[in-house]
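Engineer: Take this structure, written in structure tokens, and hold onto it; I'll ask about it next.
The values are calculated or read from the model by the stated rules, or taken from the named source; none is laboratory data. Just so it is clear, the structure is predicted and the values come from calculations on it, not from any experiment. Counting neighbours? That spans all protein chains shown, and the Cβs are built from the backbone with ideal geometry, glycine included. Remember, those area values only see protein heavy atoms, side chains included, never the ligands or the DNA or RNA. Shrake-Rupley method; radii C 1.70, N 1.55, O 1.52, S 1.80 Å.
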Amino acid sequence: SAFFDEDGVSSFRLQTGEAVKLVYSIAQQAMLGFRFKERYPVEAVPFPYAEYWDISALPSTAGDPISKAAAGWLVKNARHHGDGSVTWPHNFDFVFTDGADPVQAQWSSGIGQANALLACLHLWRHAGGAGFKDLAEAAVMPFTRPLSVDKGIFYKISDDASWFEEYPLASPSHILNCQLLSHVALDYPRRLLNYDPAKGAFKKGLGGLKR
């Protein structure tokens, strides 16, 4: 079930009773602010959908406390790696299909990464300053790193084609909505920031879709 924790950040309670955070949900809270609470009222839906938001059309969330709580969480929980990349790990074990071995805690997700990237760009656009711009650029880098539990998102199909994975599974699941959302999210830093790593990842993602 869904709820907001004491810091005002969207959370979910598993059937075991464990309270967990889903990165994509918190990123959407940062982008939507009070509209997030209207769209996904507490306990009325089990969890938000990982929807695509056109950040160029989203209104400013400056001064919105619901957005501010989520933005603070994104800053606080960004994991900075030595290669210059940033991820937002999930701190719980996850089983993709019944009977499969669980993905161990501290796993990264393409859906979460794409939403966090969009949120950082949205916050930079409306809040200004270099902080969220820097985070957005670093958030692009996992889309250029081979699939791994902690800091790589893409599965190499060929030298010019990648698939951005929702879960770091030994046998990649190739979930289409993750590929589409990741590809769209990369388009913003490619165009708005003229950021070369985003250009390369976008091109390989397009190659993956063509395959």
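Engineer: I'm checking my understanding of the structure. Among residues of the stretch 20-49 that are at pLDDT 90 or above and of a type in the set (Gly, Ala, Ser), which one is farthest from Glu166 (Cα to Cα)?
Structural biologist: Gly33
Engineer: Restricting to the stretch 87-127, name every residue that is among the β-branched types (Val, Ile, Thr), free of Cβ contacts under 8 Å to residues at least 60 places away in the same chain and in contact with an Asp or Glu (Cβ under 9 Å, 6 or more places away or on another chain). Can you show your working first?
Structural biologist: Step one: filter the stretch 87-127 for residues among the β-branched types (Val, Ile, Thr), giving 87, 95, 97, 103, 111.
Okay, now just the ones that are also free of Cβ contacts under 8 Å to residues at least 60 places away in the same chain, so 95, 97.
Across the stretch 87-127, the qualifying residue is only Val95.
Engineer: Taking the residues in the stretch 164-190 that are farther than 20 Å from Phe96 by Cβ and without any contact (Cβ under 8 Å) to a residue 40 or more places away in the chain as candidates, determine which candidate is most open to solvent (accessible area, probe 1.4 Å).
Structural biologist: First, the residues of the stretch 164-190 that are farther than 20 Å from Phe96 by Cβ: 183-190.
Adding the requirement that they be without any contact (Cβ under 8 Å) to a residue 40 or more places away in the chain leaves 183, 187, 190.
Details: His183: 19, Asp187: 31, Arg190: 76 Å².
Per the stated criteria, the residue is Arg190.
Engineer: Report yes if some residue within the stretch 140-151 is in a helix (DSSP H, G or I), crowded, with 24+ Cβ neighbours inside 10 Å and of a type outside the set (Phe, Trp, Tyr); otherwise report no. Steps first, please.
Structural biologist: Taking the stretch 140-151 as the starting set, the residues that turn out to be in a helix (DSSP H, G or I) are 140-144.
Next, only the ones that are crowded, with 24+ Cβ neighbours inside 10 Å stay: 140, 142-143.
Imposing the further condition that a residue be of a type outside the set (Phe, Trp, Tyr) reduces the set to 140, 142.
Yes, the stretch 140-151 has at least one match.
Engineer: Oh, and also: Inside the stretch 1-94, counting only helices (runs of 4 or more DSSP H) that do not spill past its ends, which hold 3 or more residues that are open to solvent by less than 50 Å² (accessible area, probe 1.4 Å) and either of a type in the set (Lys, Arg) or more than 25 Å from His183 (Cα to Cα) (or both)?
Structural biologist: On the way: elements: 23-32, 34-39, 65-76.
Passing ranges, in order: 65-76.
Engineer: Only one residue in Ala127, Ala161, Ala119 is open to solvent by less than 10 Å² (accessible area, probe 1.4 Å) and under 30 Å from Gly63 (Cα atoms). Which one? Spell out the reasoning first.
Structural biologist: Values: Ala127 fails: open to solvent by less than 10 Å² (accessible area, probe 1.4 Å); Ala161 fails: under 30 Å from Gly63 (Cα atoms).
Only one candidate passes the filter, namely Ala119.
Engineer: Restricting attention to the stretch 191-209, and to residues there that are aliphatic (A, V, I, L, M) and more than 21 Å from Gly84 (Cα to Cα), which single residue is surrounded by the most Cβ atoms within 10 Å (Cβ to Cβ)? Walk me through how you get there before you give the answer.
Structural biologist: Of all residues in the stretch 191-209, those aliphatic (A, V, I, L, M) come to 192-193, 198, 201, 206, 209.
Now narrow it down to the ones that are more than 21 Å from Gly84 (Cα to Cα): 206, 209.
Working: Leu206: 16, Leu209: 13.
So the residue we want is Leu206.
Engineer: Taking only the stretch 95-112 into account, find how many residues are outside any loop (DSSP other than H, G, I, E, B) and closer than 18 Å to Ala136 by Cα. I'd like the intermediate steps shown before the answer.
Structural biologist: Filtering the stretch 95-112 down to residues outside any loop (DSSP other than H, G, I, E, B) leaves 103, 107, 110-112.
The next check asks that each one be closer than 18 Å to Ala136 by Cα; those that pass are 110-112.
Of the residues in the stretch 95-112, 3 are outside any loop (DSSP other than H, G, I, E, B) and closer than 18 Å to Ala136 by Cα.
Engineer: Read through the list (1) without any contact (Cβ under 8 Å) to a residue 60 or more places away in the chain; (2) part of a helix (DSSP H, G or I), then give the number of the only condition that Asn194 fails.
Structural biologist: Result: Asn194 fails condition (2) only.
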